[in-house]
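Notes to accompany the following structure.
Where a number appears in this text, it was derived from the coordinates with a stated rule and is not lab data. Fair warning: this is a prediction, and the values are worked out from it, not measured in the lab. So basically every Cβ, Gly included, is an ideal-geometry build from the backbone, and we count neighbours across all protein chains shown.
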Amino acid sequence: MTVKISQTAEIQKFFEEAAGFGNDQGSPRVKQLVLRIVQDAAKIIEDLQVSDDEFWTAVDYLNRLGARSEFGLLVPGLGLEHFLDLLQDAKDAQAGLSGGTPRTIEGPLYVAGAPISEGQARMDDGSELTEATVMFLEGVVRDTDGQPVAGAVVDLWHANTKGNYSFFDQSQSEYNLRRRIVTDAEGRYRARSIVPSGYGCAPDGPTQECLDLLGRHGQRPAHIHFFVAAPGHRHLTTQINLDGDQYLWDDFAYATREGLVGALRFVEDAAAAEARGVQGRFAELAFDFQLQKAPAPAAEQRSQRPRALQDA
């Protein structure tokens, strides 16, 4: 027999007390959120007849997830970060805001304060040149009228050939494969780097443990992350996933979107390599960005999401 008590006046009053509604201290907004979370959790326990063993297994899982700092990995894996993008898309449509490069998830691996340079930069430290393919990335930042945006900051970061990111991977040098590039008078940015690899969730980690129970893999295609910002324009958080990757349209983090696929062009011409100052095969990737006008000054700024280091 199913017993349900969560909607009774007595239990609702109890939850309000637990959420701090019986005092005038603290944060009204946090109280509102906590009350809804507790109410919904209680309803799930009742509706799905969650056993005590299942409940405490879930508590243990959340403890392990936090201990491995994988909450930021599980959130995109369950589609919630992509949902935030879809929700903002819907809000934009309702407000009549359109155009510009599509947004997509930030992911959990951004690090603030990368070296900044004018017009162009080299991103890699040269440590993987024996196994990596040199990549030349360039593009133009424009507004929705097609005019170049000079002085835009293109903040980009990506993984190495093993699918690992500097800062989180202590074997890499500081800010390896992380740079900020200020666009020139023509709105152009240029970067020399290496072709990144995709990555998978740690096979022994709690995120993959959850995905296994869902019958899903935890793989991402090769990709490059971007923040693009300029005065008077809406801040853009996006990434380009690289064409040809087997997980391009099967990204466990749901980051691939139409308009955000980058086509690598591999070049094996010796003269072209010499002109580029490299030896052997290299890759070229061109990707332009289009920024919306900022509807309000706050839209020029990235979200206040906590990140690995303070913004610089």
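Data table
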| read-out | value |
| --- | --- |
| Full-extension gain in nm, residue 63 to residue 288, via 0.36 nm per residue minus C-alpha separation | 76.8 nm |
| Nearest-0.05 FRET efficiency for residue 10 and residue 258, computed from C-beta distance (R0 45 Å) | 0.30 |
| Percentage, to the nearest whole number, of Cα pairs in the stretch 1-50 over 16 Å apart | 42 |
| Residue-span extension gain [residue 265 to residue 94] - 0.36 nm each, minus C-alpha spacing | 57.7 nm |
| Packing-based exposure ordering (other Cβ within 10 Å, fewest first) of 162, 91 | 91, 162 |
| C-alpha center-to-center spacing [the stretch 17-61, the stretch 117-159] in angstrom | 45 |
| Loop-resident sites, the stretch 232-274, for chymotrypsin sites (Phe, Trp or Tyr not before Pro), counting at most 15 other Cβ within 10 Å (DSSP) | 249 |
| Of the DSSP H helices in the chain, those whose Cα atoms cover at least 20 Å axially and whose Kyte score averages 1.6 or more | none |
| Beta bridge orientation in the chain: antiparallel %, DSSP, nearest 5 | 65 |
| Sum of side-chain charges, residue 187 neighbourhood, beta-carbon under 10 Å (Lys, Arg +1; Asp, Glu -1) | -2 |
| At R0 = 35 Å, FRET efficiency that the Cβ-Cβ distance of residue 147 and residue 84 yields, to 0.05 | 0.75 |
| Potential lengthening between residue 127 and residue 38 on full extension [0.36 nm per residue; Cα-Cα distance subtracted] | 27.1 nm |
| Integer Hz, Karplus 6.51/-1.76/1.60 couplings in order for the stretch 282-288, x for Gly and Pro | 9, 10, 10, 9, 10, 8, 9 |
| Spin-label pair residue 1/residue 243, simplified geometry with 7 Å Cα→Cβ offset, distance in nm | 6.6 |
